[in-house]
Every structure is written in structure tokens, then in C-alpha cells.
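Report on the structure given below.
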């Protein structure tokens, strides 16, 4: 008698764990492409780097008003990054509905950490840079790169408590919300209200369809492109359209779990009952498989399907391309002439983030507004606070919006890379020491 092998499914404990794993794995490609960009921009072929990314491309009809013309790097920053912001919007919505932001008790510590991590770096930068060039870049040090920071934390392996990863992820998501608000209010151009009102009307229409539990990927794609163009014409940065589109995606399932189990059992029973073991499935088996595919689609909300579908593209394609297009800084004596801006951005990213996140977390705890995540110490919070200073993607993005002068933009990027490097390395070393110490303590006092 042949022994049947049991069919096992490994299911993630919660959606936050899945998100953490995906973000951390994507950080490898982000770092790799950033290094490639730096090497390319400082090699004998540096001119080809700048020529390539400044090559102009147009979409639309020539000799008409229906044409959008941009250099390639702006197609990445304004176009491709809209998909990234759409994904961020889906993450935010998930956290609000079924994550670490569902209740104030869960969210209070990361909320206070994020507020401190936004306000203190901005205040420190403005204080250091008072009366000097580059003040427009005050929003640069407020950002945290979720993928990069989680990637560094993941280097420490299984010794990192899940609560610490969730804390970092949650305050980084809230940090993203702050960055999105800042971009919309302070780094957008002069507004043209008529375009904006049409875009908002389309978003309200999509929200109404979501309320009625109607969802069409094709309709979303068409409306998404139209809203993106309208935001571009309105003067508000088009990536904000991505966030708003994410918020109107339906979050409810088309099938409840009881019906899902019944339909799955029925389909699996039909498949099992068909005793056919050829290379190709029988018609009945194929019908059962098609039915299972339909059922698994219906039990997932459109929000969850889109987030799962986009996660790989964002981590392995979009963010690395953004790094390749924006991290290519040609470093020479001229670019190092404005050292005050380099140091001010780096200091605000490192010191500002650490003081802001740690201090506000401590105050929230002492005032009994928040509780520490289970199994987490304040020394570990300090280590994670350094990882909050890993600005990279969002910091580079804000720098592109803040500085129109090439010299200031180059200098700010050097400051971002320096601050990210110092913050990431320091956070890694502190956490490595703290987690090793905890392991030794646990080994000394076995249960």
C-alpha cells in the first residue's frame, strides 16, 4: 500500500510578517543598483550616465496640447514612482483596517515615534541651516526607507524579535504618511483647481463603486492614468494620485470564508474523485482547478490582490530603477564645496531621527499613553531609531522636488548617502550588541 504524502501549506502568521520579508529581500536589489549608479556616475563613462537619464521622451500627439514630454529620470520619478506610492497607499490602508494601526493601543507607540522622527530632524536641519543656502530641503531628513531599514535589520537574523520588526515597519509607514502630506502641501507647484476638481470627482466615483463592491482592473487602470495626468496638470505632484487611488480600492471580499471552505471542499472532492493520472489533467479535473482559481480570487479583496501582485514589482523593479536613476552622483571637488548642506542633512538624518524617535517613544511610555512592544527594551528602540535615519529612497525623492539647482541637488544627495550609511551601520552595530547580550542572558537563565 502506497503511503500518501500529506499536502502542507505554510501560511504566514500575519500580513505584517509577509510584508517584512518582501521588503527586506528587495533591499538587496535597492543597494546593488545604488552602488551601480555611483560607480557608473564616477567612471570614465559618467557622461553616458547623465546623457541616458536626461534623454527626453514624449507621450501623446505631436503638435497638440495632448503631449507629455519629460527626461527619462522624471518619467521614473513622476511616473514609475506613482506605482510605488500606490503600493504605499495600499500598505497604509491595510494597516488602518487590519494591522498595527487598527487601535490606539497598538498604534500609539509607533505614532509617537514617527511624529518625533519627523519633527526633530526637520527642526534640527532648519536650526543648523539657518540663513544658509539649501533651506528648501528641510523635508529631506524626515524620511525613512522601509525596505532599506528592514533589510539591515534582517541581517541580524532570527534573533530579532518580531515586535521590533513590526515597530520599525509601523513607524516607517506612518513616516510615509507624513512625507506624502509634506510633498502634497509644500513640494507641489502652483495649483490649477479645475484639473484637481475633475481628478477628485473621478476618485469619488471610484470610491462609490468600491462602496457598492464593484471592482474592475481595466476601469481602475484607465481612471488611474486619467487621474495621474490631471494631477500632473494641476500642479500637485502626480505621485499623490497613486496614494489616493489606493485608498479607494475595495477592501471587502466577494466571498465569505464559510462559502470559501464549502466551495473548496466541493472542488477538491470532484478533483479527487476523478481517478485519472495522465500527464494532462482530465476535463473534470481542469474544471475543478479553474473553479478553485476563481474561488481563491473571490476570497481575496481587490486591495489584497493588488498589494500581493505589486510587491515583487516594487521591490525588484521599481525601487532599484529609482535608485539607478537618482543615486548616480558624480563626486568631485566642486560637488564637495557646499559642505554645510552635506553635514546638515547627514546630522539631521542621524541625530535628528535617533533623538526624535527615542525621545518621543520614551515620553509616550512615561506618560502612559503607549506601551512597549512585547519583549522589546528601550536600548533596542534606540538601535531601531538609528535605522529610522536610513532615508535613501524617500529622501532622494524629496530632494529631487526641493532642489532645482543641480549643484544643491548633488550636494543634498551626498548628504543623504552619508547619513544613510552612518545611520544604517550604527543601528546595525548597536542592535547586534544588544541582541547578542540578550541571547547570553537567556542562555544563563534557562526555563
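Only the coordinates and a few stated rules stand behind these numbers; no lab work does. This one's a predicted model, so the numbers in the text were calculated from it and none came from an experiment. For neighbour counting, all protein chains shown are included, and Cβ atoms are generated from backbone atoms with ideal geometry for every residue, glycine included.
Computed from the Cβ-Cβ distance with R0 of 51 Å, the FRET efficiency linking residue 197 to residue 300 stands at 0.90.
Distances over 16 Å make up what percent of all Cα-Cα pairs in the range 202-300? Cα-Cα pairs of the range 202-300 separated by over 16 Å account for 66 percent. Build a GNM of the chain with springs between Cα atoms under 10 Å apart, and of 256, 42, 326 the one that fluctuates most is 256. Note on the chain: GNM, Cα springs under 10 Å; of 146, 222, 279, the largest mean-square fluctuation is that of 279. Considering only 304, 233, 132, the Gaussian network model of the chain with Cα springs below 10 Å gives its largest mean-square fluctuation to 132. Per-residue ellipticity at 222 nm from helix content only, as computed over the chain with -39500 (n - 2.57) for each DSSP H run of at least four residues, stands at -22000 deg cm²/dmol. With the simple model of a label 7 Å out from the Cα in the direction of the Cβ, residue 189 to residue 425 spans 4.0 nm.
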